[in-house]
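Data block below; observations after.
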Amino acid sequence: MAEPLETIVMAKKAAKKEVAQEPVGPPPVPRLKERFEKEILPAMRQQFGRENRLALPRIEKIVVSMGVGSAMQDKKHLEEAVAAMAEITGQKPLVCKARKSIANFRLREGVAIGCKATLRGARMYEFLDRLISLVLPRVRDFRGLKAGAFDGHGNYSLGLTEQLVFPELNPDKYTRPQGMNIAICIAGGSDEESFEMLKMFGMPFRTEDTAAA
């Protein structure tokens with residue numbers, strides 16, 4: 001004999017309740033964050049001779065930005081850039097607008113011309129891990145990063161001319177070339193100390209630049 005409808009509904013509700021009550025464990029610690037705590041931090045303490053971790057270089061945030069000048073003629077270009085950055089960073093980017101008008105570029109104040117995303121915490125470490133292990137090796141004719149791209153305060157910036165080096169983007173969906181800038185904001189260190197820390201993370205600097213530094 002078939003079970004009454006009320007019995008089936010009550011059984012489904014009970015099953016959903018059991019699933020909802022199952023304890024959810026903490027999210028896994030990003031690989032590079034664990035490496036920083038267990039390997040890089042002790043190595044920097046020994047190399048720089050300082051025990052206080054706040055006096056040692058550390059990554060505070062990573063800012064990924066795209067300038068989309070063609071959005072002044074076609075707003076779809078900006079929409080594509082926002083969608084691509086959301087897939088790359090895992091969070092909704094902020095649309096950037098022009099702060100002032102520039103007649104030579106036919107730019108008006110308040111017009112949307114780009115987007116950016118600021119990564120912190122676990123997303124920051126996960127993005128850096130993908131950048132080092134997956135993205136940079138996919139760059140055509142890649143010969144290493146320039147060691148001289150620090151700003152004098154320990155922060156490092158690099159540019160990518162093509163967004164499709166990120167494997168999560170579908171080339172059939174994003175057909176228009178779009179570059180981006182990646183700024184790694186580092187606190188507590190000079191350019192030289194930030195350089196050493198990024199090397200420990202595995203950043204592929206050029207061999208000749210590393211030797212010179």
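Read-outs throughout are calculated quantities, based only on the coordinates presented, and are distinct from any laboratory measurement. Keep in mind that this is a model prediction, so the values were computed, not measured. Note: ideal-geometry Cβ built from the backbone for every residue, glycine included; neighbour counts use all protein chains shown.
Over all other residues within a Cβ to Cβ distance under 12 Å of residue 116, the charged ones net out to +3, with Lys and Arg as +1 and Asp and Glu as -1.
As a quick test, which of the pairs 146/173; 61/146; 61/92; 33/97 have an alpha carbon distance above 27 angstrom in this structure? Please report the intermediate quantities before stating the final value.
Details: 146/173 31 Å; 61/146 20 Å; 61/92 16 Å; 33/97 34 Å.
Check vs 27 Å cut-off fails for 146/173; 33/97.
Here the 3J(HN,Hα) profile of the stretch 135-149, calculated from phi with Karplus coefficients 6.51, -1.76 and 1.60 at θ = phi - 60°, is 6, 4, x, 8, 5, 5, 6, 6, 10, x, 8, 6, 7, x, 8 Hz, Gly and Pro shown as x.
Modelled spin-label separation between residue 75 and residue 55, with each label point placed 7 Å from Cα along the Cα-to-Cβ direction: 5.5 nm.
Placing a label point 7 Å from the Cα of residue 199 along the Cα-to-Cβ direction, the residues of the stretch 45-59 whose backbone N falls under 14 Å of that point are 47-48.
Tally Lys and Arg at +1 and Asp and Glu at -1 over the other residues with C-beta under 14 Å from the C-beta of residue 84: what net charge comes out? Display every interim value, and only then the final one.
Working: positive: 76, 92, 116, 173, 176; negative: 79, 80, 87, 162, 168, 172.
Result for the local shell: -1.
Around residue 173, under 13 Å between beta carbons, what's the net of Lys plus Arg minus Asp minus Glu among the other residues? Once all neighbours under 13 Å are counted, the net charge is -3.
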